[in-house]
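None of the figures in this text is laboratory data; all of them are computed from the coordinates on show. In this text the structure is predicted, and so the values were computed from the model without any measurement.
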Amino acid sequence: MERISCVIGIYSALHAIFSDGRQADSWIRRPNIAPQFSGQTALELMMVGQMNGLRVVRRYLDGQVEPEILPQPYAMYS
């Protein structure tokens, strides 16, 4: 159940980040320089790390989505 939740969350986050569906779908195959990935693709990390890899990718993407959703503090008071 957790595996399915991670996969759906990853898919949803990618499509929230990228407006182009092809770009969202290809992101997992591109090397990533973020420290969590160490130059690997998200797909490599998910395949090698199994559940832990899925969790790392999901947390990373959730962190990329959240700042865009939450209002900026200064915008609330200006």
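Answer rounded, prolate or oblate for region 1-61, using the Cα gyration tensor with square roots of eigenvalues a ≥ b ≥ c: rounded when a/c is under 1.5, else prolate when a/b is larger than b/c, else oblate. Oblate, because a/c is 1.5 or more while a/b does not exceed b/c. For Ala34, the residues whose modelled amide H falls within less than 5 Å of its own, excluding neighbours fewer than 5 places apart on the same chain, are Gly39.
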